[in-house]
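Colleague: What follows is a single structure, and I will ask about it in a moment.
The values are calculated or read from the model by the stated rules, or taken from the named source; none is laboratory data. Fair warning: this is a prediction, and the values are worked out from it, not measured in the lab. Cβ placement follows ideal geometry from the backbone for every residue including glycine, while neighbour counts extend to all protein chains displayed. To get the accessible areas, we keep the full protein, side chains included, count just its heavy atoms, and leave off ligands, DNA and RNA. Shrake-Rupley method; radii C 1.70, N 1.55, O 1.52, S 1.80 Å.
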Amino acid sequence: MAVAPRRVEHQQTDKGYVPVYTTAVVDQPWDSYSAEDHATWATLFRRQREILQGRASREFIVNQQRFGMTPDAIPRFEELNEVLAQATGWQLVGVEGLLPELTFFEHLANRRFPVTWWIRRPDQIDYIAEPDMFHDLFGHVPLLLNPVFADYMAAYGRGGVKAHAISPEALVNLTRLYWYTVEFGLIREEDGLRIYGSGIVSSKGESIHCLESPAPNHVGFDLQRIMRTRYRIDSYQKTYFVIDSFDQLMDATRPDFVPIYAQLAESESIPAGEIIAGDRVLQRGTGEGWASDGDV
Ligand code: PHE
Ligand code: FE
């Protein structure tokens with residue numbers, strides 16, 4: 001019999017939050033989910049479906065419905081994979097927790113999306129510091145059905161393998177791009193701003209905050225600006241970058257990043273909440289309620 005997968009979580013030490021990494025690929029132990037696990041899925045699923053009406057991008061909502069996920073039970077990766085394989089050739093692979101960067105990039109480059117097999121505990125319903133199954137499945141998987149976004153994710157993986165071989169600074173630049181698009185991106189649709197970032201759609205508080213609060217900035221997408229911008233991992237974002245379409249994202253990221261990394265090595269990073277000359281500002285945030293430091 002196969003060994004049961006582990007549940008690899010961060011550790012809280014006297015130095016604070018310490019991420020723990022794991023490289024194993026595991027089968028989803030579907031029969032091991034408890035009634036409590038299914039109930040957590042149901043609570044989060046119902047709540048976010050409701051909140052995201054009129055807030056999430058059309059592509060996100062339409063594609064999520066194509067999977068036929070329901071609140072009734074945690075989905076089986078195998079069933080989702082049938083839908084994905086036909087549409088864009090992506091496959092979900094089960095993992096135990098956070099992956100080292102290079103391992104993560106290699107999966108993406110090969111159209112494999114790593115999904116954490118376990119779901120958060122009931123006391124973590126509103127906030128969990130690391131990705132769990134709800135974030136990965138509900139948040140990331142729907143847009144893998146969009147052909148342009150699916151290509152963007154694979155290109156990102158190849159770009160990650162490349163940046164990893166260049167320098168730690170190049171990797172920081174590239175990671176910021178993922179953060180401000182895949183995780184925390186907004187898109188402009190006919191009816192107004194909508195969410196497509198997975199880190200937002202899997203969070204009740206941030207789904208409302210990013211669009212309705214006057215605190216954060218909304219700035220038009222700009223590749224180099226994003227690559228210079230620091231971010232917060234433990235609070236709502238101070239700045240959200242807005243794309244006009246997934247084609248725009250794809251076109252802007254197509255050029256070779258090597259000369260861009262070289263150029264960026266000469267420039268200063270930008271604090272998360274700052275507006276700079278040249279920004280296309282859609283909302284200048286009030287900054288209300290921000291802590292003053294902690295950008296990474
Ligand atoms: N064009 C990038 C490079 O040369 C690759 C990439 C594409 C990175 C899309 C991110 C997103 O590294
Ligand atoms: Fe994520």
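Colleague: List the GluC sites (Glu not before Pro) within the range 115-215 that DSSP assigns to loop and that have no more than 11 neighbouring Cβ atoms inside 10 Å.
Modeller: Counting only loop positions with at most 11 other Cβ atoms within 10 Å, the GluC sites (Glu not before Pro) in the range 115-215 are Glu190.
Colleague: Relative to the Cα centre, what is the charge dipole magnitude of the chain, using +1 at the beta carbon of each Lys and Arg, -1 at the beta carbon of each Asp and Glu, and rounding to the nearest 20 debye?
Modeller: Computed about the Cα centre, the dipole is about 200 debye.
Colleague: Got a number for carbon plus sulfur as a percent of the chain's accessible area, 1.4 Å probe?
Modeller: The C+S portion of the solvent-accessible surface of the chain is 50 percent.
Colleague: I'd like to know which of Ser34, Met133, Thr286 lies farthest towards the positive end of the charge dipole of the chain, counting +1 on Cβ of Lys and Arg and -1 on Cβ of Asp and Glu.
Modeller: Result: Thr286, furthest along the dipole toward the positive end.
Colleague: Give the residue list of trypsin sites (Lys or Arg not before Pro) in the range 1-77 that are DSSP loop and have at most 16 other beta-carbon atoms within 10 angstrom.
Modeller: Arg6, Arg7, Lys15, Arg76
Colleague: Simple spin-label model, 7 Å along Cα-to-Cβ: Ala4 to Val18 in nm?
Modeller: 2.6
Colleague: May I ask you to list the trypsin sites (Lys or Arg not before Pro) in the range 173-248 that are in a DSSP loop and have at most 13 other Cβ atoms within 10 Å of their Cβ?
Modeller: none
Colleague: Additional query: Helix 168-178: angle to the longest alpha-carbon principal axis of the chain, degrees 0 to 90, nearest 10?
Modeller: The angle comes out at about 70 degrees.
Colleague: Right, next: For the range 204-280 and the range 150-192, what is the separation of their Cα centres, given in Å?
Modeller: 10
Colleague: Also, I was wondering about something else. For the range 149-273, report the convex hull volume of the alpha-carbon atoms normalised per residue, in Å³, without decimals.
Modeller: Considering the Cα atoms of the range 149-273, their hull volume per residue is 104 Å³.
Colleague: Glu189's amide H: which non-local residues (gap 5+, or another chain) put their own amide H closer than 5 Å, with H modeled 1.01 Å from N in plane and none for Pro or chain starts?
Modeller: The list, which skips near neighbours in sequence, is Arg194.
Colleague: Treating only the Cβ of Lys, Arg, Asp and Glu as charged (+1, +1, -1, -1), what charge dipole size does the range 1-100 show about its Cα centre? Round to the nearest 20 debye.
Modeller: Once rounded to the nearest 20, the dipole reads 420 debye.
Colleague: Follow-up question, since we're still on this one. What ³J(HN,Hα) values, in whole Hz, does the Karplus curve 6.51 cos²θ - 1.76 cosθ + 1.60 give for the range 22-31 when θ = phi - 60°, with x put for Gly and Pro?
Modeller: Each residue's phi maps through the Karplus curve to give 8, 10, 4, 9, 10, 6, 5, x, 4, 5 Hz.
Colleague: Using only the alpha-carbon atoms, what does the chain span along each of its principal axes? Please give whole angstrom values in decreasing order.
Modeller: Principal axes ranked by extent give 58, 47, 40 Å for the Cα atoms.
Colleague: While we're on this one: Given the options Val62, Phe105, Pro75, identify the residue whose Cα lies farthest towards the positive end of the charge dipole of the chain (+1 on Cβ of Lys, Arg; -1 on Cβ of Asp, Glu).
Modeller: Val62
Colleague: Further question on the same structure: Grab the other residues whose beta carbon is less than 12 angstrom from that of Ile51, score K and R as +1, D and E as -1, and report the net.
Modeller: Around Ile51, the surrounding residues sum to +2.
Colleague: How far is helix 147-166 tilted off the main Cα axis of the chain, in degrees rounded to 10, range 0 to 90?
Modeller: Helix 147-166 sits roughly 70 degrees off the main axis of the chain.
Colleague: Taking amide H positions as placed in the peptide plane 1.01 Å from N, state which residues far from Phe113 in sequence (5 or more) or on other chains have amide H under 5 Å from it.
Modeller: Gln91, Leu92, Val93
Colleague: In Å², what does the accessible area per residue of the chain work out to with a 1.4 Å probe?
Modeller: Solvent-accessible surface per residue comes out at 46 Å².
Colleague: For all pairs of alpha-carbon atoms in the range 1-149, what percent lies in each bin of width 5 Å, listed from the first bin to the last filled one?
Modeller: For the range 1-149, the binned pair fractions read 2, 9, 18, 22, 21, 17, 9, 3, 1, 0 percent.
Colleague: Could you pull out every residue, at least 5 positions away or on a different chain, whose amide H is within less than 5 Å of the one on Thr229? Hs are placed 1.01 Å off N in the peptide plane, and Pro or chain starts have none.
Modeller: Close amide H contacts, sequence-distant or interchain: Ile270.
Colleague: Let me ask something else. For the range 75-216, what percent of Cα pairs sit more than 19 Å apart?
Modeller: Tail of the P(r) past 19 Å holds 55 percent of the pairs.
Colleague: Enter the angle in degrees (range 0 to 90, nearest 10) between the Cα long axis of helix 35-52 and the first principal axis of the Cα atoms of the chain, meaning the one along which they spread out most.
Modeller: Between the helix axis and the principal axis of the chain, the angle is about 40 degrees.
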